[in-house]
1. For region 65-154, which chymotrypsin sites (Phe, Trp or Tyr not before Pro) pass both filters: DSSP loop (anything but H, G, I, E, B) and at most 14 other C-beta atoms within 10 Å?
2. Subtract the Cα-Cα distance of K102 and E23 from 0.36 nm times their separation in residues, and report this length gain in nm to one decimal.
3. Given the options I245, I231, I303, state which has the largest fluctuation in a GNM of the chain using a 10 Å cut-off (strictly under) for Cα springs.
4. State, to one decimal in nm², a quarter of the convex hull surface area for the C-alpha atoms of region 3-63, i.e. the direction-averaged projected area.
5. Report the extension gain between T203 and V70 in nm, rounded to one decimal, defined as 0.36 nm multiplied by the number of residues separating them, less their alpha carbon distance.
6. For region 136-191, I need the span (max minus min coordinate) of the C-alpha atoms along each principal axis, in Å, sorted largest to smallest.
7. Can you tell which of L62, A248, I273 lies farthest toward the positive end of the dipole of the chain, using +1 and -1 charges on the Cβ of basic and acidic side chains (Lys, Arg; Asp, Glu)?
8. Tell me, Kirkwood radius of region 96-344 from alpha-carbon pair distances, in Å?
Amino acid sequence: MSDKRQKEILNFIQNHPYCSSGEIFKEFATSISYATVKRTLSKIQAKGHIISEGKGKGTKYLISPFFELVYSIDIDRYYNKEIDERQIKEEFNFGIFELIDKAEVLNKAELLKLSDLQAKYTSNISTLSDFEYRKELERLAIDLSWKSSQIEGNTYSLLETERLLKDKETASGKTKEEAIMLLNHKDAIDFIVGNPDYLIPLTISNIEDIHSLLIKELAVDKNLRKRRVGISGTNYRPLDNEFQIREALLSTCNLINKKENVFEKALLTLLLISYIQPFMDGNKRTARIVSNAILMNYKYCPISFRTVDSVDYKKALLLFYEQNNISKFKEIFITQFEFAVKTYF
C-alpha cells in the first residue's frame, strides 16, 4: 500500500475521529478492498500514527497523541473556520510534557538540514575577527529587537529601530512605551551575549530575570501570574492558577534541560513558554530571548526572525495552543535559522 493511500486514510481519521474500519472502507470502496483497509490500518498503527479503542467490530480509530504533535496541517484551511467553529483543546494540556519527553520533535531530515546550517555557521565565524563577529551580532540584535517588538504590535520601522538603538533617537509619532520596549529588548540581548551560560540550566528564576529586563519601566507586572489572562484570536484558556503555572514552568525547565539536542531545546523553549503564558505580558518576547540564549550558550547561530510574517508567527503558535501541533512552528524555526546563518554570518 502506497504512502499516498496511508496519508489519505490518516487524513480521514483525522477528520473523523473514532471512526470504524467499515466507515473508512465506505470512503475508499471504489479503489481498495476491505482487506486492504485493514492491512493499511495495521501498518499505520504499527508506526504509532493511530491508536484504537474497543475490540472486534466495535474497534474505533483515532490519531495518536504523537502524530497529533507532528503531522502537517493545512493552516489556511484550518483558519478558514472561525474561532467558535474550530474544535480545539481549550485547556492547558499537562500531558504535553510526557509526550514531548518521549518524542523526537525534529525528524531526521530536519535535523540534518539544521546541522548542515550550523556547520556552515561554525565555518563562517571561524574566518571572522572578533570585531567583525560582534558587528554582525549587533546587526542581528537590532533586527531581533525590531521583529520581536513588531510581533507584539510595536509600530517602529526597522530603520527607526536602528536609530533608536544606536543613537538613542526616538521616532516622531511613536509612544514612549514603544521605545522602551525596543531598548529593553536590546538590553536583554546584550545581557545574554555577555552571560551566555546564564540560562543553563534553565530555571524559573532565570526566566523571570529575562522577563524583568524586557518589561522594565513598562506597566507590566513582574513575577508569575496570579490571575487569568486571555489570548485574542482563540478560545484556548491558559492556566489561571499560580501554583499550576509554576508547576508547568518547572516541567518545561526539566524537559528542556533533559533534552540533548540543542535545536529541540531552543524550539521547545519558544513554544512552551508561550503556551504556558506565565506572565501577564511579555511571554513571547521572553520565549524568543531565552531560546536565543540557549542557542548562543552552545555556540549555535542565534535567530532574528526578521523575515517571518507576524500573522504567520501568531497562527503557528495558536495552532500549537489549540491542537498541540508543532508542524507549522517547526517550519518557521527552521526557515528563520537558515535565514540567520545565510544573512548575518
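Read-outs throughout are calculated quantities, based only on the coordinates presented, and are distinct from any laboratory measurement. Just so we're clear, the structure is a prediction, and the values are computed from it rather than from any experiment. Heads up, the Cβs are rebuilt from the backbone with ideal geometry, glycines too, and the neighbour counts pull from every protein chain shown.
1. Working: sites: F66, F67, Y71, Y78, Y79, F92, F94, F97, Y121, F131, Y133, W146; in loops: Y71, Y79, F92, F94.
Answer by residue number: F94.
2. Values: separation 79, 0.36 × 79 = 28.44 nm, distance 3.16 nm.
Roughly 25.3 nm would be gained on extension.
3. Comparing I245, I231, I303 in the GNM, the peak value goes to I231.
4. Working: hull surface 14.4 nm².
Value for region 3-63: 3.6 nm².
5. Working: separation 133, 0.36 × 133 = 47.88 nm, distance 2.67 nm.
Extra length from T203 to V70 when fully extended: 45.2 nm.
6. Principal axes ranked by extent give 29, 23, 17 Å for the Cα atoms.
7. Final value for the positive-end residue is L62.
8. Values: mean 1/r = 0.0543 Å⁻¹.
Kirkwood radius, region 96-344: 18.4 Å.
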